[in-house]
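The values are calculated or read from the model by the stated rules, or taken from the named source; none is laboratory data. Small disclaimer: the values here were computed from a predicted structure and weren't measured. Cβ placement follows ideal geometry from the backbone for every residue including glycine, while neighbour counts extend to all protein chains displayed.
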Amino acid sequence: MEFLIKLSGVWLGVFSRMTIPFWRKLYQGKTLKFNLKYLRRTLASLVLSTIFSLLLFPKLELSPQGIVGFELGFKLFCLCFGFGFGFNSILMEFAQWFEKEKN
């Protein structure tokens with residue numbers, strides 16, 4: 001159960017970070033063009049943040065009985081969501097720095 005909570009938190013964090021600029025541009029009425037570089041970055045972030053979260057939280061036991069209550073599960077979900085969101089944001093920023101260096 002804890003494994004699924006971790007994965008869902010990380011994945012939803014990564015995908016929410018990916019879609020926020022899309023929703024902002026859609027709200028502003030800008031024309032949207034799909035660019036594969038964002039998909040590649042998101043997939044890389046998804047893989048890396050999943051690996052790192054499983055390495056960082058390998059034996060994070062929420063309760064000694066093995067029963068995850070709502071509050072403990074929600075805390076773990078929020079922790080993993082923030083980790084996925086932040087990791088994707090950091091990866092996007094580094095990618096933009098390297099693009100500016102090239103040009």
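Tabulated values for the structure
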| item | result |
| --- | --- |
| Meets criteria (within 17 Å of G9 (Cβ to Cβ), assigned to a helix (DSSP H, G or I) and either at pLDDT below 80 or within 20 Å of the chain's Cα centre (by Cα) (or both)) for L54 | yes |
| Residues within segment 1-39 that are basic (K, R) and either within 17 Å of the chain's Cα centre (by Cα) or closer than 20 Å to E71 by Cβ (or both), tallied | 3 |
| Those residues of segment 16-45 which are over 16 Å from F94 (Cα atoms) and touching a residue at least 40 places away in the same chain (Cβ under 8 Å), in sequence order | S16 |
| L91 vs. criteria at pLDDT below 80 and in contact with a helix residue (DSSP H, G or I) (Cβ under 6 Å, 6 or more places away or on another chain) | no |
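Yes/no matrix, rows are residues, columns are (1) closer than 10 Å to G84 by Cα; (2) surrounded by 12 or more Cβ atoms within 10 Å (Cβ to Cβ); (3) modelled with pLDDT of 85 or more:
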site	(1), (2), (3)
F3	no, no, no
S16	yes, yes, yes
I20	no, yes, yes
Q28	no, no, yes
F34	no, no, no
K37	no, no, no
L43	no, yes, yes
